[in-house]
Amino acid sequence: MKNARYCAFLRGVNVKGTNMKMAEVCAVFEKVGMEQVSSVLASGNILFSSHKKEAELKNDLEKAMSEYFKYEAFLFVKNQKEIEKIVANNPFGTHPDYHIYGFVGIDGVEDTLLSEYEKSKQAEGEEATIVNDNFYWKVPKGNTLGSEFGNILGRKKLKDTFTSRNLNTIEKIIKKM
């Protein structure tokens with residue numbers, strides 16, 4: 001079976017005391033059999049190749065990361081085509097005054113995120129929507145952590161269901177794949 005290219009999006013890396021060097025993370029991935037391993041930025045984006053299926057990869061990698069770094073690891077694995085779709089389906093385009101985020105997570109998390117967004121108080125110009133099972137959030141620069149929805153994203157009950165990345169980061173991931 002031919003190896004496919006993937007990106008593992010780690011949740012909660014290098015925030016709130018969970019600090020790790022990407023070289024060490026890459027070494028953990030290699031130790032459990034991943035090939036062509038590299039990182040993109042220091043925010044927990046690990047590119048690799050494998051012949052395994054995404055669900056198996058998620059389980060194996062979370063277990064290895066948890067054991068090595070002594071924390072409860074959460075990550076989400078997407079193949080190259082899925083990552084390219086996140087950027088291609090961006091409903092907000094680009095704007096110098098806004099951050100645009102794409103979310104990756106468990107099946108159906110986009111509905112939970114939209115529901116939470118709709119219940120929150122929005123800043124002027126803040127928007128969110130679902131396109132082809134992907135959740136997108138547009139927020140004025142400087143308001144990401146000050147936004148009511150931004151605070152909801154950090155809730156413990158959601159930690160194992162998704163992570164987000166600025167679309168600029170996802171574009172860098174695609175270029176490096």
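In a residue-by-residue description of the stretch 90-108, the property of being in contact with an Asp or Glu (Cβ under 9 Å, 6 or more places away or on another chain), of a type in the set (F, W, Y) and more than 23 Å from K172 (Cβ to Cβ) applies to no position. Does L57 qualify as being touching a residue at least 60 places away in the same chain (Cβ under 8 Å), hydrophobic (A, V, I, L, M, F, W, C) and crowded, with 16+ Cβ neighbours inside 10 Å? So L57 does not fit the description; no. Taking G125 as the residue in question, decide whether it is at pLDDT below 95, over 26 Å from H51 (Cβ atoms), touching a Phe, Trp or Tyr at 6+ places or on another chain (Cβ under 8 Å) and not β-branched (V, I, T). Criteria met by G125.
For (1) surrounded by 15 or more Cβ atoms within 10 Å (Cβ to Cβ); (2) over 25 Å from L41 (Cβ atoms), each residue gets a yes or a no:
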{"residue": "Y101", "(1), (2)": "yes, no"}
{"residue": "L113", "(1), (2)": "yes, no"}
{"residue": "A123", "(1), (2)": "yes, yes"}
{"residue": "I130", "(1), (2)": "yes, yes"}
{"residue": "F135", "(1), (2)": "yes, no"}
{"residue": "G146", "(1), (2)": "no, no"}
{"residue": "L158", "(1), (2)": "yes, no"}
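Evaluated against (1) surrounded by fewer than 19 Cβ atoms within 10 Å (Cβ to Cβ); (2) within 21 Å of G105 (Cβ to Cβ); (3) basic (K, R), K31 falls short on exactly one condition, (2). Here the strands (runs of 3 or more DSSP E) wholly within the stretch 94-177 that include at least 1 residues being outside the structural domain of E56 (by TED's automatic domain parsing), among the hydrophobic types (A, V, I, L, M, F, W, C) and under 19 Å from G12 (Cα atoms) are 98-105, 134-140, 162-166. Pairs meeting the criteria (first residue in the stretch 92-118 and free of Cβ contacts under 8 Å to residues at least 60 places away in the same chain, second residue in a helix (DSSP H, G or I), beta carbons under 7 Å, at least 6 apart or on different chains) are E116/F149; E116/I152; Y117/F149. Among the residues of this structure, Y68 does not count as one that is in the same structural domain as P140 (by TED's automatic domain parsing) and of a type outside the set (G, A, S).
The values are calculated or read from the model by the stated rules, or taken from the named source; none is laboratory data. Note that the structure is a prediction, hence the values are computed from the model and not measured. Backbone-built Cβ (ideal geometry, glycine too); neighbour counts: all protein chains shown.
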